[in-house]
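Working notes for the structure below.
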Amino acid sequence: MEMKTVTIRLRADELDAVRRRAEAQGKSLQAHMRDTLMAESVEADRLLRRSVQEGAERYAEAFAAADREIDVQLARQREAARGFEREPGEW
């Protein structure tokens, strides 16, 4: 697997807090940061997929509602046109 480099700038207090968390987990700072970044990446991907799914569901609901409204309008037009039906050949 190809490795990439990520540069993160932290204030001294932030770095100390991260270092303490890494030590508490028994990990090196590098391993802790890699695991944290991977977990955040997975979570971001999950949230994006959920957002896309919810957007698709909202679109489908809006499309279905518009389709139902068109059906209602067509039914009204057909009902209104019933009195104006002509016999074949009639102008």
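The values are calculated or read from the model by the stated rules, or taken from the named source; none is laboratory data. Keep in mind it's a predicted model, so treat the numbers as computed, not measured. Positions of Cβ are generated from backbone atoms using ideal geometry, with glycine treated the same way; all protein chains shown enter the neighbour counts. For accessibility, only protein heavy atoms count, side chains too; no ligands or nucleic acids. Shrake-Rupley method; radii C 1.70, N 1.55, O 1.52, S 1.80 Å.
Of all residues in the range 20-53, those satisfying the criterion of being of a type in the set (S, T, N, Q) and either open to solvent by less than 90 Å² (accessible area, probe 1.4 Å) or in contact with a Pro (Cβ under 8 Å, 6 or more places away or on another chain) (or both) are SER28, THR36, SER41, SER51.
Can you pull out every residue in the range 1-18 that is part of a helix (DSSP H, G or I) and closer than 13 Å to ARG34 by Cα? Correct list: VAL18 only.
What's the total number of residues in the range 35-52 that are under 11 Å from the mean Cα position of the chain (by Cα) and not small (Gly, Ala, Ser)? Going through the range 35-52 one residue at a time, the tally reaches 7. Is there a residue in the range 21-30 that is within 25 Å of MET3 (Cα to Cα) and of a type in the set (Ser, Thr, Tyr)? So far as the range 21-30 goes, yes, one or more of its residues are within 25 Å of MET3 (Cα to Cα) and of a type in the set (Ser, Thr, Tyr). When ARG86 is tested against (1) part of a helix (DSSP H, G or I); (2) exposed (fewer than 10 other Cβ atoms within 10 Å of the Cβ); (3) of a type in the set (Lys, Arg), only condition (1) is not met. Within the range 24-39, one or more residues are modelled with pLDDT under 95, assigned to a helix (DSSP H, G or I), of a type in the set (Lys, Arg) and out of contact with any strand residue (DSSP E or B) (no Cβ under 9 Å at 6 or more places or on another chain). Cβ-Cβ distances below 8 Å connect the following pairs, each with a first residue in the range 29-45 that is touching a residue at least 24 places away in the same chain (Cβ under 8 Å), a second residue that is among the hydrophobic types (A, V, I, L, M, F, W, C) and part of a helix (DSSP H, G or I), and a separation of six or more residues or different chains: MET33/VAL18; MET33/ALA22.
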